[in-house]
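Report on the structure given below.
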Amino acid sequence: MKNLKSCCEHIIHACVVRKKMKVLLLACLVLVSVTSCFEDADDNIIRASTLEINDFVWKGMNAVYVYKDNIPDLANDRFDSSETYTEYLNNFSSPEDLFEDLLYLPDDVDEFSRIYPNYYDLEQLLQGTSLSNGMKYGLVQLPNAANDIIGYVRYVLPNSDAALKGITRGMIFNTIDGTALTSVNYGDLLSSTSYTVGWANYDNNGTPETRTDDIITSNGESVSITKTEYTENPILTHNVFNIDGNSIGYLMYNGFRIGDANLNELNAVFAEFQSSGVSDLVLDLRYNGGGSVSTAIWLSSMITGQNTGDIFFKEKWNSEIQAAREQDDPESLINRFVDEMVKRNTNNEITYQQPINSLNLNKVYIITTGSSASASELVINGLSSHIEVVQIGSTTRGKPQASVTIYDSENLGRENANPNHTYAMQPLIYEAENSAGFSSYYDGIDPTEGFGITELYEDLGQLGDVNERLLAEAIADITGFGRSAISAQRPLKHLDQKNIENPFLYDMVDDRPLNKNFLQP
């Protein structure tokens, strides 16, 4: 057992002394047609391969999992010998089974840690590339129906198959390949590479304030669409509105990407806002499930500018890592507003650097729904302790934790990963609290009082149009020419789309590279 204890101490020491692990929050879509590395292998190889990967799973979770303190099986002294450790690992028939067993309250607190059998697909998805037909949709439970559901088109990706087929925001569908959507079959139906969408009409029966009497009727129209590899631009639309003497910037941002081109474009949008004399900003995060932590910091610094050097958020790790870093390098737990975007590689060499275009705003309007999560919530929570945040829409998803991609290598990084398998994990590694010490928004962040409204499925309006329901609320409050006095409607229950449209939905991943000495003594 001496070797095992030494290994555990080695991992913990490495976690403690590393400068900063950076995390990515994202909302991307997983392609999963993965060929198992266990296929065509004999039983002995299967057991050996499973044991080897299970060893990686346990040691990785023991090293960095934020809720390690709550999992007795992850304790450093859990095993009294290497034999009992091996016996424990052999109790699990797959790495997935072991990983799931090590999660803390997976239906409540940790719904977001993930394990992936193929990190090549994972890496593509983290860059925003996935199989997509371009139809971005929401799924909701029908009123007064136990299982029936409908889908509604939120937006359509440019130059995608859905765009070419004439699909537009607001269209309603209730069948796929002629089969009615239910809470049981929707995952299988919508996971297909190609399928036929059956359209329907939505009638609120003259009572938009209630849902229980709504009527959905198939209209006999349909269209077939096919998924192809697609890289989504996180900036869906942006504009500057000059209304009654107010210069209002609008940005619909659907994912916190870390690519150089994405960052250049985002910074250029704020340069345009600067040159247009924007005095008010509406940031539309209604469908933004997360992405890069670094990008969240930089976007928040673009909104402000006057807070450079102030605390944006603080990291809360498990007790071992937290205590050691507070003693050895407390600054490594703090993420501050900045005036430039800087990316570094594992050798700490600068690979990207740009000064930030900032608006120096003391107030910002942010549009949210239950699909706003992770990095989106990090922006709201981080800004709210420095400037006024008017949140319009509905309560966010609720994910204050960040994760990181770890591989089966000496330092848990991508370099020199074990060639015998392609498993990787994204465990939660810390909670992000703002400068006021708040991070407990597990049930989401509520909209500002008086601004709680929902989208109407029967009349979504066009994104970026000044008359669109949620944007109109922001503009009315900015101009002071009377808000629309819309009461909050009770939204229909949304279904979880993580395993069909966007398996990475609500992931907040720290994108900063692991230090090459992460696990060095």
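The values are calculated or read from the model by the stated rules, or taken from the named source; none is laboratory data. Computed from a predicted model, the values in this text were never measured in an experiment. Neighbour counts run over all protein chains shown; Cβ positions are idealised from the backbone, glycine included. What goes into the accessible areas is simple: the full protein's heavy atoms, side chains included, and nothing from ligands, DNA or RNA. Shrake-Rupley method; radii C 1.70, N 1.55, O 1.52, S 1.80 Å.
Structure values in brief
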item	result
Span from the segment 285-360 Cα centroid across to the segment 409-429 one, whole angstrom	24 Å
Total formal charge among the other residues, if their Cβ is under 11 angstrom from that of residue 390, Lys/Arg +1 and Asp/Glu -1	-4
Mean Cβ neighbour count within 10 Å, used as a protection proxy, ranking 56-63, 423-430 highest first	423-430, 56-63
Nonlocal amide H pairs with residue 356, under 5 Å, H built at 1.01 Å	340, 341
Neighbourhood net charge (10 Å Cβ-Cβ; Lys/Arg +1, Asp/Glu -1) for residue 353	+1
Out-of-range pairs (alpha-carbon distance over 18 Å; input 314/399; 363/399; 68/343)	363/399; 68/343
R0 of 56 Å, Cβ-Cβ distance residue 177-residue 87: FRET efficiency to nearest 0.05	0.75
Accessible area of segment 279-425 belonging to carbon and sulfur atoms, whole % at 1.4 Å probe	41 percent
Ordering of 456-467, 118-129 by packing [mean C-beta count within 10 Å, highest first]	118-129, 456-467
J(HN,Hα) series, segment 78-83, from Karplus relation 6.51 cos²θ - 1.76 cosθ + 1.60, nearest Hz, glycine and proline x	4, 10, 8, 7, 5, 5
Contour minus Cα-Cα distance for residue 164 and residue 203 (0.36 nm per residue)	11.3 nm
13 Å cut-off, amide nitrogen to a point 7 angstrom out along residue 196 Cα→Cβ, residues in segment 159-183	175-180
For q = 0.14 Å⁻¹, Debye-computed log10 I/I(0) when each Cα of segment 238-297 counts as one equal scatterer	-0.42
Built amide H within the under 5 Å cut-off of residue 180, gap 5+	none
Calculated diffusion of segment 180-278, Stokes-Einstein form, Kirkwood radius summed over Cα pairs, 20 °C and 1.002 mPa s, µm²/s	118 µm²/s
Mean Cα-pair separation over length for segment 46-112, i.e. relative contact order, pairs under 8 Å, 6 or more apart, %	38 percent
Two-site FRET efficiency, residue 351 against residue 467, from Cβ-Cβ distance with R₀ of 51 Å, rounded to 0.05	0.75
Ordering of 74-86, 317-329, 203-215 by packing [mean C-beta count within 10 Å, highest first]	317-329, 74-86, 203-215
